[in-house]
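A short write-up of the structure that comes next.
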Amino acid sequence: MAHVILGLLLLRPASLYDLVKHFEASVSLFYSASSGSIRRALETLLTGGLIEVADVTPGARGRKTYRVTDAGRADFRAWLTGPVTGPDAEAAVLPRLFFLGLLEPDERAAVLPRLTARVEQDVARLEALEQQLAVQEVPDELGEVFAFQRATLDYGLASGRFARDWFRRYGREHDTGTP
């Protein structure tokens, strides 16, 4: 979440309220967060020197507007151009794709193939599981349970293959060297 917040703040300085609205309007397509979790992430970023308070609006609430520091810019860039890690491909690649326009075109050309490779790895993992299940014997009493588990895997494969094909096509269309 910290990198998503940094990316949003790189687009323009924002208050907690503004960030919550940005999450709801755009980032929620791939990442959801409560205002409490955004607040905690802001505090961590502030403590770590990755953001700073740019302005405090006078009044009872003292609305704070945050902006990214040079250290925050460097951290964000390292995340965006670094290894594509995360619990699953969607959580790992979509935030990076969303903010890819913040990089220079030559830097984008290096990142997009790594995003594609991450999606391909997840699909390969699911395909290996599919092969294992194809030869697995299922007791009769678990047949219906297995059928729904298999349907879940089929959904994951279809979704992953769509994402893989989409990233490959996008990479070709944008001449990034992606196969």
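The values are calculated or read from the model by the stated rules, or taken from the named source; none is laboratory data. What you see is a predicted model; the values in this text were computed from it and never measured. Note that each Cβ is placed from the backbone with ideal geometry, even for glycine, and that neighbours are counted across all protein chains shown.
Filtering segment 27-36 down to residues that are under 11 Å from V4 (Cβ atoms) and in contact (Cβ under 8 Å) with a residue 24 or more places away in the chain, which residue is surrounded by the most Cβ atoms within 10 Å (Cβ to Cβ)?
Looking at the filtered set, the residue picked out is V27.
Does segment 64-87 contain any residue that is more than 27 Å from D106 (Cα to Cα) and within 21 Å of the chain's Cα centre (by Cα)?
yes
May I ask you to say which residue of L50, L16, L6 is under 16 Å from L80 (Cβ atoms), among the aliphatic types (A, V, I, L, M) and more than 18 Å from the chain's Cα centre (by Cα)?
L50
Given (1) of a type in the set (D, E, K, R); (2) under 15 Å from P113 (Cα atoms); (3) touching a residue at least 24 places away in the same chain (Cβ under 8 Å), where does D88 come up short, assuming only one miss?
Going through (1) of a type in the set (D, E, K, R); (2) under 15 Å from P113 (Cα atoms); (3) touching a residue at least 24 places away in the same chain (Cβ under 8 Å) one by one, D88 breaks only (2).
Got a sec? Which of R161, R168, R150, R172 is out of contact with any helix residue (DSSP H, G or I) (no Cβ under 7 Å at 6 or more places or on another chain), surrounded by 12 or more Cβ atoms within 10 Å (Cβ to Cβ), basic (K, R) and at pLDDT 85 or above?
R172
Identify, please: which residue in segment 26-45 is part of a loop (DSSP other than H, G, I, E, B) and not polar (S, T, N, Q) and is, among those, farthest from P95 (Cα to Cα)?
Ranking the candidates gives A33 first.
Can you work out which of the residues in segment 55-75 that are part of a strand (DSSP E or B) and not hydroxyl-bearing (S, T, Y) is surrounded by the most Cβ atoms within 10 Å (Cβ to Cβ)?
The qualifying residue surrounded by the most Cβ atoms within 10 Å (Cβ to Cβ) is V68.
Does L126 satisfy being farther than 26 Å from A2 by Cβ and part of a helix (DSSP H, G or I)?
Against the criterion (farther than 26 Å from A2 by Cβ and part of a helix (DSSP H, G or I)), L126 qualifies.
Exactly one condition in (1) closer than 20 Å to L6 by Cβ; (2) without any contact (Cβ under 8 Å) to a residue 60 or more places away in the chain; (3) among the β-branched types (V, I, T) is false for V93; which is it?
For V93, the failing item is (2).
Name the residue, out of E120, E127, that is in contact (Cβ under 8 Å) with a residue 40 or more places away in the chain, acidic (D, E) and not assigned by TED's automatic domain parsing to the domain that holds S26.
The match here is E120.
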